[in-house]
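Q: Shown below is the structure under consideration.
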Amino acid sequence: MPFDKSGKRREATLNEKIKVIEGRTQGESFMEANPEAIVADIMADTGLNVSERTVSNYVHSENYYVHTASTKPWLKEEQKSKRRQWCSVRLNWLVEVRHKRIFTDECTIEIGGGGKYEVLNYHLLPFMQSLPEDISTYETIEDWHKAHTSQMAADWRKSHGIRRSDWPPSSPDLNIIENCRSILKARLIRRMKDPEKRARNQVELAQHAREEWEKLDWKKVYKIIDSMPKRIAAVVKNKGGHTKW
């Protein structure tokens, strides 16, 4: 029975938990095959009749990352139209020029955090200068946060010859860096649970973030990147509306 006598969803059985993690496709677990999975994906794939929190807690206990889809903002018809138009002309966009697109964003990892200028000047610029071709041949992809659209950011990009790609409004489902950032944070959270490994100050936390970033499974990251054509197609199919991402 999916519910106990109180009417609440029961806990997952051991066999049901195993279904979440063990072999799904070609020897890979569901989580290995779907690093950007959300809880709803797992429940649909495994047919579990337990709560989303139960699935999420178990996956985290097995050192995988999974997230529950957040409530999506209401989209105005104008926003839907812009999303659909942007995606309609880019159905094969990532496949052709994915190595020319640089997704950028910033987030705060407590303790503390740096400003946008610090991200641009000391992280983005050195990275772009290390790329094999001239900076002018690449584009950054950024959402509509004020840190990206400010005059300071625009002047900085212009002074360094960096182009910013246009981006549809209210489109976190297209922004694959959100998934990568979440995986990084999940790794840091697991590390912080160990008192012996926990950062004691901002310097140590920054070092831990760099170390965990270097440990990311890049096969999984590239799998997330390769999901972009599916995301674009989903937006077109839904006429600019929300997608499962």
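Q: Can you tell me how many residues within region 138-148 are out of contact with any strand residue (DSSP E or B) (no Cβ under 9 Å at 6 or more places or on another chain), outside any loop (DSSP other than H, G, I, E, B) and not hydrophobic (A, V, I, L, M, F, W, C)?
A: Counting residues in region 138-148 that are out of contact with any strand residue (DSSP E or B) (no Cβ under 9 Å at 6 or more places or on another chain), outside any loop (DSSP other than H, G, I, E, B) and not hydrophobic (A, V, I, L, M, F, W, C) gives 1.
Q: Hey, Arg210 hits all of (1) part of a helix (DSSP H, G or I); (2) modelled with pLDDT under 85 but one; which does it fall short on?
A: (2)
Q: Can you confirm whether Tyr138 is surrounded by 11 or more Cβ atoms within 10 Å (Cβ to Cβ), hydroxyl-bearing (Ser, Thr, Tyr), at pLDDT below 80 and farther than 17 Å from Arg181 by Cα?
A: Answer is no for this residue.
Q: Report yes if some residue within region 182-199 is of a type in the set (Val, Ile, Thr) and either over 24 Å from Asn57 (Cα atoms) or surrounded by 14 or more Cβ atoms within 10 Å (Cβ to Cβ) (or both); otherwise report no.
A: Yes, because at least one residue in region 182-199 is of a type in the set (Val, Ile, Thr) and either over 24 Å from Asn57 (Cα atoms) or surrounded by 14 or more Cβ atoms within 10 Å (Cβ to Cβ) (or both).
Q: Could you pull out the residue among Ser171, Ser159 that is in contact (Cβ under 8 Å) with a residue 60 or more places away in the chain and either surrounded by 12 or more Cβ atoms within 10 Å (Cβ to Cβ) or farther than 17 Å from Arg101 by Cβ (or both)? Working first, answer last.
A: On the way: Ser159 fails: in contact (Cβ under 8 Å) with a residue 60 or more places away in the chain.
After applying the criteria, what remains is Ser171.
Q: Counting only residues that are touching a helix residue (DSSP H, G or I) at 6+ places or on another chain (Cβ under 9 Å) and assigned to a helix (DSSP H, G or I), which one in region 117-135 is surrounded by the most Cβ atoms within 10 Å (Cβ to Cβ)?
A: Looking at residues that are touching a helix residue (DSSP H, G or I) at 6+ places or on another chain (Cβ under 9 Å) and assigned to a helix (DSSP H, G or I), I get Leu120.
The values are calculated or read from the model by the stated rules, or taken from the named source; none is laboratory data. This is a predicted model, so every value here is computed, not measured. Heads up, the Cβs are rebuilt from the backbone with ideal geometry, glycines too, and the neighbour counts pull from every protein chain shown.
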